[in-house]
1. All but one of (1) part of a loop (DSSP other than H, G, I, E, B); (2) more than 27 Å from residue 129 (Cβ to Cβ); (3) within 27 Å of the chain's Cα centre (by Cα) hold for residue 190; state the number of the condition that does not hold.
2. Considering only strands (runs of 3 or more DSSP E) fully contained in region 20-119, which possess at least 1 residues that are open to solvent by 50 Å² or more (accessible area, probe 1.4 Å) and closer than 22 Å to residue 285 by Cα?
3. Considering region 221-248 alone, what residues qualify as being aliphatic (A, V, I, L, M) and in a helix (DSSP H, G or I)?
4. If you check every pair at least six apart or on different chains, which have Cβ atoms under 9 Å apart with a residue in region 108-126 that is touching a residue at least 12 places away in the same chain (Cβ under 8 Å) first and a residue that is open to solvent by 40 Å² or more (accessible area, probe 1.4 Å) and of a type in the set (Phe, Trp, Tyr) second?
5. So which residues in region 409-461 are within 26 Å of residue 378 (Cα to Cα) and among the hydrophobic types (A, V, I, L, M, F, W, C), if there are any at all?
6. I need every pair where a residue in region 237-256 that is at positive phi and in contact (Cβ under 8 Å) with a residue 60 or more places away in the chain has its Cβ under 6 Å from the Cβ of a residue that is assigned to a strand (DSSP E or B) and surrounded by 15 or more Cβ atoms within 10 Å (Cβ to Cβ), sequence separation at least 6 or different chains.
7. Determine whether residue 118 is of a type in the set (Phe, Trp, Tyr) and closer than 25 Å to residue 65 by Cα.
8. In region 421-438, how many are open to solvent by less than 50 Å² (accessible area, probe 1.4 Å) and out of contact with any strand residue (DSSP E or B) (no Cβ under 9 Å at 6 or more places or on another chain)?
Amino acid sequence: MARQWESVIGLEVHLQLKTGTKVWCGCSTDYDNSPTNTHTCPICLGHPGALPKLNKKVVEYAVKAALALNCKINNISGFDRKNYFYPDTPKNYQITQFEKPYCEKGYLDVKLNSGREFTVGITRIQIEEDAGKSIHAGSESLINFNRASMPLLEIISEPDLRSSEEAYEYLNLLKSTIKYTGISDVSMELGSLRCDANISVMEKGSKVFGTRVEVKNLNSFKAVARAIDYEIGRQIEVIENGGIINQETRLWDDEAQVTRIMRTKEDAMDYRYFAEPDLPKLIIKDEEIEKIRESMPESKSEKLKRFIETYGLPEYDANILTDEIELADYFERVLKITNNPKLSSNWIMTEVLRELKESGKTIEESKINSEDLGKIINLIQKEVISSKIAKELFTIKLNDSRDPEVIVKEEGMIQVVDLGEIEGIVDQVLSENPKMVEDFKNSDEGRKPRVLKGLIGQVMKLSKGKANPKIVTELMESKLK
């Protein structure tokens, strides 16, 4: 009987915090479009005698992350030096938290598309600093220290994940949970979220984990999932062929879709950790934690519950609308204009999300802002235009800066509500389609609605979608009796 295997996965996620200044100094964190090595000072460049000072905002944001991820916050914690030499690490060590992090023992409850739910434990979160950035150009390597000492949180999960699907869903939930707190952009594209995966395999039913391999260079959640699947397969193949798995760090080659050896994995002793002598203990009082808790914005779960209970939305709609905080905010801005939760939800979930998917844009980049969508929906509610015309208006608005109401007037899109005019079109359709009329009269009750729908469709086509559907239906039903 073939051996059966089970994978064991833990993730290390680095979050760059959206503070105004760096973690140990007053240098600006807004460096993306700045000249190289201009957001630096003796502290973040590690000059001898330069002393770090902890940014209070970093602690506040760290506490928000801990609360959002259900962690136990330690009133007393400390900082340590992790010693290693990389060209982009100006001090030749990183200030982090090793012996005692500021928080630990958290969790996230994750739900898969299949409906299965599971809990991922969070071992610890630690405050630390980022390195600079190496730029390799031909035979030269250049260093930009603008990113050095950017504030980071490292979120280390328990090895509770068992598949790439679970890892993918955990990362998505972690991202949206943190995004709701407002402490980070959590964007892999912007570099404010980075993830390393620790992967091992063991025989199914075993309680002893296999040797883990760390995989780096993962630039998207999909890449994380692909790398996990590849590494699981590679490790199983090595073991079944009589080989052994070495503890090592590997890089993900997204182009070749394989992992490649980077270095043998260091243990804690290799980093020669010791307490950071230039920083005192970090003390976070309970009253400070409660004050931060009170200032926390609405969480995703709270918003989901409110959308269902206050707005009467189905759980399906509410789940989609609250998946990203920007989409939830967009919906509520539209709702302020329309005062119609379900109609606003329908338009966002169909037309807006379809347009975003086709264009590859985010909701913030959408060509239809919330005010324009609200006006389009209101034109339907006021019966100025039909739903069909509204979809045409939506398409026009994608490339037209005019106000939706102006477009409707100038393009002659206003709905026909004149009873006499509509009745004339209805009579014309009935006279031109005697077979359908006869079919309606001879049909059973199950078929009549389909024939009626066809006749109404003819009226809407003849009126170029401008006839009021309600009036058309009433007139058609009256004349077919």
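1. (2)
2. Filter on region 20-119 gives 103-111.
3. First, the residues of region 221-248 that are aliphatic (A, V, I, L, M): 223-225, 227-228, 232, 236, 238-239, 244-245.
Scanning region 221-248 gives 223, 224, 225, 227, 228, 232, 236, 238, 239.
4. If the second residue must be open to solvent by 40 Å² or more (accessible area, probe 1.4 Å) and of a type in the set (Phe, Trp, Tyr), the pairs left are 119/107; 120/107; 121/107; 122/107; 126/98.
5. 413, 414, 416, 417, 419, 422, 456, 459, 460
6. No pair meets every condition.
7. Working: of a type in the set (Phe, Trp, Tyr): yes; closer than 25 Å to residue 65 by Cα: yes.
Here the answer is yes, as residue 118 does meet what is asked.
8. Going through region 421-438, the residues open to solvent by less than 50 Å² (accessible area, probe 1.4 Å) turn out to be 422, 424-426, 429-430, 433, 437.
Among the residues that remain, those that are also out of contact with any strand residue (DSSP E or B) (no Cβ under 9 Å at 6 or more places or on another chain) are: 424, 429-430, 433, 437.
Residues meeting the conditions: 5.
The values are calculated or read from the model by the stated rules, or taken from the named source; none is laboratory data. Note that the structure is predicted; figures quoted are calculated from it, not measured. Glycine also receives a Cβ, built like all others from the backbone with ideal geometry; neighbour counts cover every protein chain displayed. Each accessible area value is taken on the protein alone, full model and side chains, heavy atoms only, with ligands, DNA and RNA left out. Shrake-Rupley method; radii C 1.70, N 1.55, O 1.52, S 1.80 Å.
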